[in-house]
Amino acid sequence: MEKLAALYQAHISVLQQRTRDVLQRNQLDALLIHSGELNQLFLDDRHYPFKVNPHFKAWVPVTEVQNCWIWVDGVNKPKLWFYSPVDYWYSVEPIPDGFWTSAINIQPLKNADNIVDYLPATLDKVGYIGPNPARAEWLGMTAKNINPKAVIDYLHYYRSYKTDYELACMREAQKVAINGHKAARDAFYSDMSEFDINLAYLTATGHRDTNVPYDNIIALNEHAAVLHYTKLEPRTPDESHSFLIDAGAEYNGYAADLTRTYARYKDSDFGLMIQDLNSEQLALIATLKSGVNFVEYHLQMHQRIAKLLKKYNLIVDMSEDDIVETGISNTFFPHGLGHPLGLQVHDVAGFMQDNTGTQVKAPERYPALRCTRALEPGMVMTIEPGLYFIDSLLEPWRDSQFKNNFNWMRINKFRPYGGIRIEDNVVIRKDRVENMTRDLKLS
């Protein structure tokens with residue numbers, strides 16, 4: 001923890017510098033950052049699961065407590081008002097005391113509305129960052145300073161460059177997720193249902209289903225052809241041909257996002273296809289370099305997918321280039337190569353080109369791509385190519401001019417397996433790539 005404490009101190013120094021810059025640029029004195037509030041279900045006395053404001057947990061590893069506030073001005077020690085009511089209906093989190101607390105001025109907040117008593121009488125030059133604008137209005141803040149776009153654009157842009165503390169937290173999140181993945185893999189080979197595989201994952205990670213960073217994708221057989229499949233069928237199929245798991249974990253608010261695919265029989269055609277896609281994914285990662293736009297790697301991955309489509313005799317009598325140019329590769333690989341990762345699973349600023357908010361959209365033919373930035377040192381990206389057999393995407397080709405280039409008999413053989421996705425989390429370095437996932441031996 002001593003090492004993490006030192007990394008955290010350096011992390012706070014970086015955030016303080018960014019705060020000074022953004023305050024000066026926008027002629028503000030301070031930022032008031034809100035953890036958020038509970039949102040009530042319609043016509044009910046219960047609430048949705050609480051999800052903390054990512055700007056809040058960038059400063060402190062407090063992820064499950066609503067009604068907290070941080071005051072930062074870039075110069076003085078950040079001040080945290082920590083919500084700590086007297087309550088016998090629900091458990092109350094204790095006042096924090098950990099590796100990070102010496103860097104923060106912490107004061108208990110017994111009543112959520114009492115925050116007004118601790119703030120300056122005038123907030124004309126204070127920016128509110130948080131999910132509850134009505135609360136900021138209640139405090140008397142001016143509309144132009146409630147989630148001001150210029151401030152948020154600036155903060156989002158620089159969030160792409162992870163501090164050493166953030167990378168340390170993300171490596172720890174990897175460890176937790178890998179424990180879950182191994183338990184889920186073993187559960188698959190033990191013939192468990194999707195529902196029970198998910199329970200095995202949660203047990204191994206120590207996460208609840210409400211605090212994993214995204215809904216776990218636990219897909220057996222053809223369910224893997226649904227990219228965001230989260231149904232969790234409780235019944236075990238008569239035969240489990242394949243298993244795709246896309247599941248993550250969090251550590252101090254930072255996410256891991258990993259995917260693996262398994263075949264019941266590793267030496268089957270589908271098992272060999274998994275191995276080949278795994279090899280292509282690793283080969284692509286080996287080419288990642290600072291200064292190259294992420295779109296270029298997405299295009300390269302389509303070429304690699306085209307190679308596999310020919311190798312497995314799925315597309316015939318057509319060159320790899322033509323498979324890509326006609327859009328056929330999109331049918332088998334319809335999503336993006338990856339996305340930024342950090343405080344959020346789909347982290348912000350993937351399209352942002354500078355700290356003023358200039359954006360470049362995804363190419364028209366690849367609308368699902370989530371990043372158009374050049375890679376730079378400190379960025380963390382997912383690399384997650386896929387190869388799927390999705391009926392709704394295949395169907396239009398049956399009456400197209402290229403229908404004879406599809407080996408339908410061969411494609412039908414793979415449809416019961418759904419598809420494949422392999423996903424690692426990588427850190428872009430100045431002269432290399434750090435693969436956080438493979439370094440921890442998730443093969």
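When +1 charges are put on Lys and Arg Cβ atoms and -1 charges on Asp and Glu Cβ atoms, the dipole computed for the chain relative to its Cα centre reaches about 840 debye. Taking trypsin sites (Lys or Arg not before Pro) across the stretch 186-283, the ones in a DSSP loop with at most 10 further Cβ atoms lying within 10 angstrom of their Cβ are Arg208, Arg235. Measuring between alpha carbons in the structure, the pairs from Lys162/Lys430; Lys3/Lys51; Lys289/Lys361; Lys307/Lys403 lying more than 24 angstrom apart are Lys3/Lys51.
Of the residues Ser392, Ser268, Ser242, the one with the largest accessible area comes first in the ranking Ser392, Ser268, Ser242, computed with a 1.4 Å probe on protein heavy atoms. So for the stretch 47-116, averaging the separation of alpha carbon pairs under 8 Å that are six or more residues apart and normalising by length, what relative contact order in percent results? It rounds to 28 percent for the stretch 47-116. With θ taken as phi - 60° and the Karplus curve 6.51 cos²θ - 1.76 cosθ + 1.60 applied, the whole-hertz 3J(HN,Hα) list for the stretch 142-156 is 6, 4, 5, 9, 9, 6, x, 4, 4, 5, 5, 4, 4, 5, 5 Hz, x standing for glycine and proline.
For the stretch 363-370, backbone phi angles converted through the Karplus equation (6.51, -1.76, 1.60; θ = phi - 60°) give residue-by-residue couplings of x, 4, 7, 10, x, 7, 5, 9 Hz, Gly and Pro being listed as x. First check a/c for the stretch 1-105, with a ≥ b ≥ c the square roots of the eigenvalues of its C-alpha gyration tensor; if it is under 1.5, answer rounded, and if not, answer prolate when a/b is larger than b/c or oblate otherwise. Verdict is oblate for the stretch 1-105.
Output the 0 to 90 degree angle, nearest 10, between the alpha-carbon long axis of helix 194-205 and the longest principal axis computed from the alpha carbons of the chain. Roughly 50 degrees between the two axes.
If both residues of a DSSP beta bridge must be in the chain, then about 80% of such bridges are antiparallel.
Share of the chain's accessible area from carbon and sulfur, percent, 1.4 Å?
C and S fraction of accessible area: 50 percent.
Taking a ≥ b ≥ c as the square roots of the Cα gyration tensor eigenvalues, with a/c under 1.5 meaning rounded and otherwise prolate when a/b beats b/c, else oblate, which class fits the stretch 265-362? Verdict is prolate for the stretch 265-362. Mean sequence separation of contacting Cα pairs (under 8 Å, at least six apart), scaled by the length of the chain, corresponds to a relative contact order of 15 percent. Taking the C-alpha atoms only, the angle from helix 294-311 to the longest principal axis of the chain is near 20 degrees. Distance between the modelled labels on Asp317 and Ala283, one decimal in nanometres: 2.7 nm (7 Å Cα→Cβ projection).
Assuming a ≥ b ≥ c are the square roots of the Cα gyration tensor eigenvalues, decide whether the chain counts as rounded (a/c under 1.5), prolate (otherwise, with a/b larger than b/c) or oblate. It is prolate, given that a/c is not under 1.5 and a/b is the larger ratio. Here is how the number arises for the chain: DSSP H runs of 4 or more residues each give -39500 (n - 2.57), the sum is divided by the residue count, and the result at 222 nm is -10000 deg cm²/dmol. GNM remark for the chain: springs join alpha carbons under 10 Å apart, and the peak mean-square fluctuation among Gln24, Gln353, Gln344 falls on Gln24. DSSP finds beta bridges in the stretch 19-105, and of those with both partners inside it, around 90 percent are antiparallel. Taking amide H as placed 1.01 Å from N in the peptide plane, the amide H of Ile106 sits under 5 Å from that of Leu80, each at least 5 places away or on another chain. Proximity of backbone amide H atoms, modeled 1.01 Å from N, is registered between Asn293 and Leu375 at under 5 Å, excluding neighbours fewer than 5 places apart on the same chain. Take the chain with all the other protein chains still there, run a 1.4 Å probe, and you get 45 Å² of accessible area per residue. Angle of helix 2-26 to the longest C-alpha principal axis of the chain, folded into 0 to 90 degrees and rounded to 10: 80°.
The values are calculated or read from the model by the stated rules, or taken from the named source; none is laboratory data. What you see is a predicted model; the values in this text were computed from it and never measured. Every residue, glycine as well, gets a Cβ built from its backbone with ideal geometry; the counts of neighbours run over all protein chains shown. Accessible surface areas use protein heavy atoms only, side chains included; no ligands, DNA or RNA. Shrake-Rupley method; radii C 1.70, N 1.55, O 1.52, S 1.80 Å.
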